[in-house]
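Below is one structure, written out as structure tokens, with a few remarks after it.
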Amino acid sequence: SLSIILLLYGPLGKMAVDPILISYMSDQADPKSVATTLGVFNFFGMASSVVAPALTGVIIDSTGSGELGYYLGAALLLVGTVLFMATNLKKKTVAA
């Protein structure tokens, strides 16, 4: 079941979410610095692609299981979602 979930993540998760995030970032960025904003966004995305496998490897070597790596990833997604929502609520409150 884990293999199926991981296989479905690409087309259903990554390919669906990234265009939405890029569109959102483009809309929020200053028109003069859209390229810089998207470059920084891409940098952090690629940096996580390098750090996550290494960190997961350390976790597996230390604990003998990759389960903690998935929990850590889920926690990071939750924190990111909460921060994203809080930022948007703040902007809506200021605009009103």
Is it true that Ile59 is open to solvent by 70 Å² or more (accessible area, probe 1.4 Å) and hydrophobic (A, V, I, L, M, F, W, C)?
no
Step by step: first the residues of the range 62-76, then only those that are surrounded by 11 or more Cβ atoms within 10 Å (Cβ to Cβ) and not aromatic (Phe, Trp, Tyr), then the one that is farthest from Leu6 (Cα to Cα). Which residue is that?
Thr63
Of the residues that make up the range 29-37, is at least one of a type in the set (A, V, I, L, M) and surrounded by 12 or more Cβ atoms within 10 Å (Cβ to Cβ)?
yes
Is it true that some residue in the range 51-61 is assigned to a helix (DSSP H, G or I), among the acidic types (Asp, Glu) and closer than 17 Å to Tyr71 by Cβ?
yes
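The values are calculated or read from the model by the stated rules, or taken from the named source; none is laboratory data. Predicted model, so just to flag it, every value in this text is computed and none were measured. Because the Cβ atoms are built from the backbone with ideal geometry, glycine has one as well, and the counts that use them run over all protein chains shown. Just so you know, the surface numbers come from the protein's heavy atoms only, side chains and all, with ligands and any DNA or RNA stripped out. Shrake-Rupley method; radii C 1.70, N 1.55, O 1.52, S 1.80 Å.
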